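Participant: Have a look at the structure that comes next, please.
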Amino acid sequence: MPSRHHEIADDLRHEIETGRIEPGERLPSEAGLADRYKVSTVTLRRALAVLQGEGLVEKIHGKGNFIRLPLRKIVYVGGWGTLDPWTAAETALRVTVRTNTVSADGHLTTLLKVPTGSPLTEFLCISHEGESPHGLARIYIPRDLAPAGVLDDESAWRETATRFAVLTTPPATVRETVSARPPTPDEASILRLRSAVAVLAIRRVATDITGRVIEASLLVFPGDHVDALFTTHHMTNERQK
């Protein structure tokens, strides 16, 4: 015999699937739902946890439980870290950005090949579709390469973050390492991920013609939110022509 919290989950799922509760709509309060079904809030939360695990319901801290919008993927275009303009436009992404000056230590000294304590400009970018986070990027640039006034020019870095690209000159080489892995606790919290969802993690390092690292980026996308596209161009020399 189904447990009570599964019966409640089944009932709410039916309301979602039949359109009685629409995507993006806020559910009644947990206390209100518990009263409707004549159960404790503990039992009600177990029912909501089932729906959250299925990706049907999303709990937003301080706001309540919401019906998730239908999943729409975007395309990450490898090579210089842009989001495909067609899919990005379709999902109506908006990006929030925080900028800061940090000192290189640990893995950042290795990524950027700089001494410990070197000043870096950090861009923390989070893309959203409606209320749902869609991607996370931490972009680091040596402080002396950041264009003058970049920390004060909101329009400049917001346009940059929308593309997950940087403001420095075009690189000579871009090396990207792509992996699928479980999210870290910090990533799961920022992106509001279920523990069972893997993330697509991309580490991107760009260098100039002298070999100096001009950018290091750590990008994280929910695995069910994005596809990655990489195109290889075969070089043909003049003699072969």
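Participant: What are the pairs with Cβ atoms under 7 angstrom where one residue, in the stretch 46-57, is without any contact (Cβ under 8 Å) to a residue 24 or more places away in the chain and the other, located anywhere, is among the aromatic types (Phe, Trp, Tyr) and not in a helix (DSSP H, G or I)? Sequence gap at least six, or different chains.
Facilitator: The qualifying pairs do not exist here.
Participant: I'd like the residue in the stretch 1-26 that is more than 25 Å from the chain's Cα centre (by Cα) and outside any helix (DSSP H, G or I) and, out of all such residues, is farthest from Val197 (Cα to Cα).
Facilitator: Met1
Participant: Follow-up. Quick check on this structure: which one of Glu131, Glu54, Glu90 is at pLDDT below 85, exposed (fewer than 15 other Cβ atoms within 10 Å of the Cβ), assigned by TED's automatic domain parsing to the domain that holds Ala198 and within 16 Å of Leu193 (Cα to Cα)?
Facilitator: Glu131
The values are calculated or read from the model by the stated rules, or taken from the named source; none is laboratory data. Note that the structure is predicted; figures quoted are calculated from it, not measured. Neighbour counts run over all protein chains shown; Cβ positions are idealised from the backbone, glycine included.
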